[in-house]
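Asker: Okay, here's the structure, questions in a sec.
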């Protein structure tokens, strides 16, 4: 009802895009009223980081705005660890969080451009502490929490983005990946998964896991599975050195497992009534990752020699396609992905009939 009242476009996905654009315009007007281009504060930087993050999730263009934000961060000294300035605990953590968020956005956009800027952001800044806001009190020492906090998701995502940067640089810039390198990065991703799963599971064992943490651990695992698909792509395409059948088998199994797990997460976030408030993720990046997984599985079943695995994958794909269809009215990614997946299904069906 809200979208129909506020938007006059022909579909919900277009209405969402319209409302997002209005929000961005209003936010920019507020920043301009504060003369953000020549009068900078930490609040300016916080607002810009949040705005760019929101634009990224609605597929807007942010490269120029990110450049301005980066230079504003330099102008107020966020690239230097705040301990050098003798600031209190809260001010130090605010600056570290801003710099970490900006670094993540830089990595995200760099990767999405398809051509990496290989320069690293100059920084001596420590990562933010893994604590809740309520733990930050002047005169009180900081100790990282064993349970998930308001910062845990950001810190784990930060580690994943660093791995993603390494993978994309190796695959698209250096182009010299080896089987040994693939195995070592695969283990690093798995180690990161173990860290956050242990952290979130320890909290779940002492009681029910908070809803936002349920979503966060699924998003983290989904991103890890996406990295597995990217990492093992050159092995399956036979462009690593040296190509070996055992590497091909290992990489194929890892990718099948990851793709199916990604589609399971996509299904969970779609079907769960409790997780409906977080459907924005599934309508954007979550569905893009799921589409990548589905395309890989169509390739996998075309070359599958395992009958049981073939039928399991086919059932997974059929269920996933119904979800893409159901979300097409609210997600531009699903709207564009649905006909492609139907085409792949048709090609697969025809190949079976002619074989």
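Taken together, the values in this text are just the output of simple stated rules run on the coordinates, not laboratory data. Computed from a prediction, not measured in an experiment: that's the story for all the values here. Reconstructed Cβ throughout: ideal geometry from the backbone, glycine too, with neighbour counts over all protein chains shown.
Asker: Highest first, please rank the peptides 184-192, 48-56 by the mean number of other Cβ atoms sitting within 10 Å of their residues. Numbers along the way, then the final one.
Answerer: Numbers: 184-192: 15.4, 48-56: 19.1.
The most tightly packed comes first, giving 48-56, 184-192.
Asker: What is the angle, in °, between the Cα long axis of helix 211-236 and the longest principal axis of the Cα atoms in the chain? Nearest 10 is fine, range 0 to 90.
Answerer: 60
Asker: Also, quick follow-up: Neighbour counts of other C-beta atoms within 10 Å: give me 124, 135, 88 arranged from fewest to most.
Answerer: 124, 88, 135
Asker: Could I ask something else about it? Calculated from DSSP H runs of 4 or more alone, at -39500 (n - 2.57) each and per residue, what is the 222 nm mean residue ellipticity of the chain, nearest 500?
Answerer: On the way: 13 runs with 245 residues, N = 355.
Here the helix-only value at 222 nm equals -23500 deg cm²/dmol.
Asker: Let me check I have the definition right: for the stretch 311-355, take the eigenvalues of the Cα gyration tensor, multiply each by 5, take square roots. What are those semi-axes in whole Å, largest first? Provide the component values of the computation, followed by the final result.
Answerer: Details: eigenvalues 101, 30, 6 Å².
One finds semi-axes of 22, 12, 5 Å for the stretch 311-355.
Asker: Right, here's the next one. What percent does the relative contact order of the chain come to when contacts are Cα pairs within less than 8 Å and at least six residues apart?
Answerer: Working: 344 pairs, mean separation 43.0, N = 355.
So the answer I get is 12 percent.
Asker: Next question. Thinking of the stretch 246-355 as a set of Cα atoms, what percent of all their pairs are more than 20 Å apart? Please list the in-between numbers first.
Answerer: Values: 2368 of 5995 pairs.
Value for the stretch 246-355: 39 percent of Cα pairs lie more than 20 Å apart.
Asker: If I fit a long axis through the Cα atoms of helix 63-75 and take the longest principal axis of the Cα atoms of the chain, what angle between them do I get, 0 to 90°, rounded to 10?
Answerer: Helix 63-75 sits at roughly 30 degrees to that axis.
Asker: Which order do the peptides 70-82, 283-295, 308-320, 148-160 take when ranked by the mean count of other beta-carbon atoms within 10 Å per residue, highest first?
Answerer: Working: 70-82: 17.4, 283-295: 22.0, 308-320: 15.4, 148-160: 19.8.
Packing proxy ranking, top to bottom: 283-295, 148-160, 70-82, 308-320.
Asker: Between the stretch 274-347 and the stretch 20-82, what is the C-alpha centre distance in whole Å?
Answerer: Using only Cα atoms to place each centre, the spacing works out to 35 Å.
Asker: P(r) for the stretch 155-355, please, calculated from all Cα pair distances in 10 Å bins and given in %.
Answerer: Taking all Cα pairs of the stretch 155-355, the binned fractions are 8, 32, 35, 21, 4, 0 percent.
Asker: Sort 267, 354 by Cβ crowding within 10 Å, fewest neighbours at the top. Each step should come with its number before you reach the end.
Answerer: Values: 267 17, 354 6.
Exposure proxy ranking, most exposed first: 354, 267.
Asker: Neighbour counts of other C-beta atoms within 10 Å: give me 299, 256 arranged from fewest to most.
Answerer: Working: 299 15, 256 22.
Listed from fewest to most nearby Cβ atoms, that is 299, 256.
Asker: Just to be sure I understand the curve: with the Debye formula and one point per C-alpha of the chain, what is log10 I(q)/I(0) at q = 0.07 Å⁻¹?
Answerer: Ignoring solvent entirely, the Cα scatterers give -0.35.
Asker: Give me the angle, in degrees from 0 to 90, between the Cα long axis of helix 12-33 and the longest principal axis of the Cα atoms of the chain, rounded to the nearest 10.
Answerer: 20
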